[in-house]
1. Could you tell me whether residue 229 is closer than 21 Å to residue 61 by Cα, free of Cβ contacts under 8 Å to residues at least 60 places away in the same chain and out of contact with any helix residue (DSSP H, G or I) (no Cβ under 9 Å at 6 or more places or on another chain)?
2. Could you list all residues from segment 247-289 that are touching a helix residue (DSSP H, G or I) at 6+ places or on another chain (Cβ under 7 Å) and under 25 Å from residue 338 (Cβ atoms)?
3. Within segment 297-308, count every residue that is surrounded by fewer than 16 Cβ atoms within 10 Å (Cβ to Cβ) and either within 17 Å of residue 358 (Cβ to Cβ) or in contact (Cβ under 8 Å) with a residue 12 or more places away in the chain (or both).
4. Within segment 331-343, is even one residue at pLDDT 95 or above, in contact with a helix residue (DSSP H, G or I) (Cβ under 8 Å, 6 or more places away or on another chain) and surrounded by 15 or more Cβ atoms within 10 Å (Cβ to Cβ)?
5. Can you go through 291, 303 and tell me which one is modelled with pLDDT under 95 and farther than 25 Å from residue 236 by Cα?
6. Among the candidates 249, 244, which residue alone is in contact (Cβ under 8 Å) with a residue 60 or more places away in the chain, buried (at least 24 other Cβ atoms within 10 Å of the Cβ), within 18 Å of the chain's Cα centre (by Cα) and at positive phi?
7. Working only within segment 252-282, note down all residues that are touching a residue at least 40 places away in the same chain (Cβ under 8 Å), surrounded by 23 or more Cβ atoms within 10 Å (Cβ to Cβ) and closer than 14 Å to residue 141 by Cα.
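The values are calculated or read from the model by the stated rules, or taken from the named source; none is laboratory data. Predicted, not measured: the structure shown is a model, and the values here were computed from it. In this analysis, Cβ positions are derived from the backbone assuming ideal geometry, glycine residues included, and neighbour counts consider all displayed protein chains.
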């Protein structure tokens, strides 16, 4: 979940994370800077690095077996963005966010006077709607965003994974973001923000998201799939990654559903503990910000020894809670870099993509990735952490597993 830290109003990323560990409701930033007219060109996410173009579809899924836990009535609903390897030159343009989703997010973060709705909603990405797929069978990766922010915040990572030969399902969990657009113009807001205020509440979020993921897998890989391209999915190679409580939900989903073969938690407190008996030997990656080390998050310290398969704890120097999302790249292009997390936006995206993709390549595709074995000369920002080993002068330690 979002951990408390000092923020400055001079930075987009800092303004986007004023949420404390155990009180992550909506916060209103102090008076925000106004982006000048000369900086209002549409931001553009870094292009994917894989060999495939990227196609995109959107699904609306309804779980009629469950009542929505936040609304208290009606079925549980998900909006899902599917990305997949596609043929270049096919398909049409896509939107980063709808105007209303962008407006609600900016209002929620106190940035509506600082950043035009069009600048955020129109952020340029690389996927193409309805593009023709490259036929094959690809591993499936589920992506879950942080609490109060939409699935779009993981677009750069999702597109890159799809370009490398994965099907990616990015999920918006109803009533858990500032705004989620549903078919017919309906937009849900964060009812969960009004009902979650302590660790038990956040555990409820991650447990519910684990149920969402099981339902999603049923609808993508079951006998009557909801996606007309479901034949692209190799149902025996499924994994999950998430940011903040979305990362915590990856561990919760693995504990609840053996179909999820591997998981990545990007800077999320594990409100649903890893079972004492482990995750059945399945691999897990803890990817933390520079201030998310041993002794700073009791849940990571607790659960590190419970992870009973291949595991790594990696951090990026100069990073913050939103480093693993699109925000640093967007903020830099809007002229609002975060002085407290000096890792540049494009570098944040590059490193996140590198280590997340390497993890899935190794554990879903069986391709050894030496970058996961320890520090690399071309990535001096990256530290490998062993909570039980003495810290070196450079902040790196040996790894286990």
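1. On the way: closer than 21 Å to residue 61 by Cα: yes; free of Cβ contacts under 8 Å to residues at least 60 places away in the same chain: no; out of contact with any helix residue (DSSP H, G or I) (no Cβ under 9 Å at 6 or more places or on another chain): yes.
Criteria not met by residue 229.
2. 248, 264, 265, 266, 267, 268, 269, 285, 286, 287, 289
3. Within segment 297-308, the first condition is being surrounded by fewer than 16 Cβ atoms within 10 Å (Cβ to Cβ), and the residues that meet it are 298, 301-302, 305.
From what's left, either within 17 Å of residue 358 (Cβ to Cβ) or in contact (Cβ under 8 Å) with a residue 12 or more places away in the chain (or both): 301-302.
Total satisfying the criteria: 2.
4. Pass one, segment 331-343, residues at pLDDT 95 or above: 343.
Imposing the further condition that a residue be in contact with a helix residue (DSSP H, G or I) (Cβ under 8 Å, 6 or more places away or on another chain) reduces the set to 343.
Filter once more, keeping what is surrounded by 15 or more Cβ atoms within 10 Å (Cβ to Cβ): 343.
Scanning segment 331-343 turns up at least one residue that is at pLDDT 95 or above, in contact with a helix residue (DSSP H, G or I) (Cβ under 8 Å, 6 or more places away or on another chain) and surrounded by 15 or more Cβ atoms within 10 Å (Cβ to Cβ).
5. On the way: 303 fails: modelled with pLDDT under 95.
From the options 291, 303, the qualifying one is 291.
6. Details: 249 fails: at positive phi.
Among 249, 244, only 244 is in contact (Cβ under 8 Å) with a residue 60 or more places away in the chain, buried (at least 24 other Cβ atoms within 10 Å of the Cβ), within 18 Å of the chain's Cα centre (by Cα) and at positive phi.
7. 253, 260, 262, 264
Every residue, every condition in (1) touching a residue at least 60 places away in the same chain (Cβ under 8 Å); (2) closer than 23 Å to residue 67 by Cβ; (3) surrounded by 24 or more Cβ atoms within 10 Å (Cβ to Cβ), yes or no:
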position: 94; (1), (2), (3): no, no, no
position: 110; (1), (2), (3): yes, no, no
position: 129; (1), (2), (3): yes, no, no
position: 145; (1), (2), (3): yes, yes, yes
position: 155; (1), (2), (3): yes, no, yes
position: 167; (1), (2), (3): yes, no, yes
position: 184; (1), (2), (3): no, yes, no
position: 187; (1), (2), (3): yes, yes, no
